[in-house]
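The values are calculated or read from the model by the stated rules, or taken from the named source; none is laboratory data. Predicted model, so just to flag it, every value in this text is computed and none were measured. Cβ atoms come from the backbone with ideal geometry, glycine included; neighbour counts cover every protein chain shown. For accessibility, only protein heavy atoms count, side chains too; no ligands or nucleic acids. Shrake-Rupley method; radii C 1.70, N 1.55, O 1.52, S 1.80 Å.
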Amino acid sequence: PYGELIGLYAAIGDEARARSTLAEYRSALPEAPDSRWEDDEARMEARLAMAAGRYEESMDHWKRLREINPGCVGCELEGIARAHDAAGRSAEAIDWYHRELEEPFWGFPPDRARIFERLGELYDRTGDLENAAIYYARFVELWAEADPELQPRVQAAQARLEAIVRERG
């Protein structure tokens, strides 16, 4: 599971281990052409930049991945959305989260619950209470039967949804 390990080390900002694991991966496949590693390296660099707070650089790497994999329409949208979000660009994050929900995906589907919850929070932060309520409600509905350890998040979203409804009538 080299890819997962590289991603984990990059996400926690352990650059040395991420790079050494990628080197191990490359040595395990000595016959692979150099182009084989483009997407793994770009993904690792995007995660390392994100972990280090270099959000512009992270976005550039995620966008590069979309160029490397043009057939993967929905790929890398989450990384771009999260980088905008971490950089405090709520409008751009909202746009990219919506794109993640709307574009076809390849591989794993988008984490709809996480996106609904985050869209609720972002719309709430920007004062768009109508959309905040919509996404809080979608999150609450989707996770109504979530595991007990996740219920505090559901309850928080439900409480905020109820407060918005009281405020707006």
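The table for this structure:
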read-out	value
Global geometry of region 1-68, whether rounded, prolate or oblate, following the gyration tensor of its Cα atoms and the 1.5 cut on a/c	oblate
P(r) tail fraction, region 21-119 - alpha-carbon pairs more than 23 Å apart, %	29 percent
Residue among Asp147, Asp14, Asp95 with the largest mean-square fluctuation in a Gaussian network model of the chain, springs linking Cα atoms under 10 Å	Asp147
Region 22-109, relative contact order in percent, only Cα pairs under 8 angstrom and at least six apart counted	22 percent
Probe 1.4 Å - accessible area at Glu4, Å² to nearest ten	130 Å²
Region 114-162-region 8-52 distance, computed between alpha-carbon centres (Å)	34 Å
Dipole moment magnitude, nearest 20 debye, region 13-114 about Cα centre, only Lys, Arg, Asp, Glu C-beta charged	200 debye
Ser20 - accessible surface, heavy atoms, 1.4 Å probe, Å² rounded to 10	50 Å²
Over region 1-61, relative contact order from alpha-carbon pairs under 8 Å, at least 6 apart, %	36 percent
Prolate/oblate/rounded call for region 103-148, Cα gyration tensor, a/c under 1.5 rounded	oblate
Probe 1.4 Å - accessible area at His61, Å² to nearest ten	50 Å²
All-pairs Cα distance distribution in the chain, expressed in whole percent, bin size 5 Å	1, 9, 15, 16, 17, 15, 11, 7, 4, 2, 1, 0, 0
Average accessible area per residue (Å²) across the chain - probe 1.4 Å, nucleic acids and ligands excluded	56 Å²
Value of relative contact order over the chain, rounded to a whole percent, pairs C-alpha under 8 Å and six or more apart	12 percent
Carbon + sulfur, % of accessible area of the chain - ligands and nucleic acids excluded, 1.4 Å	52 percent
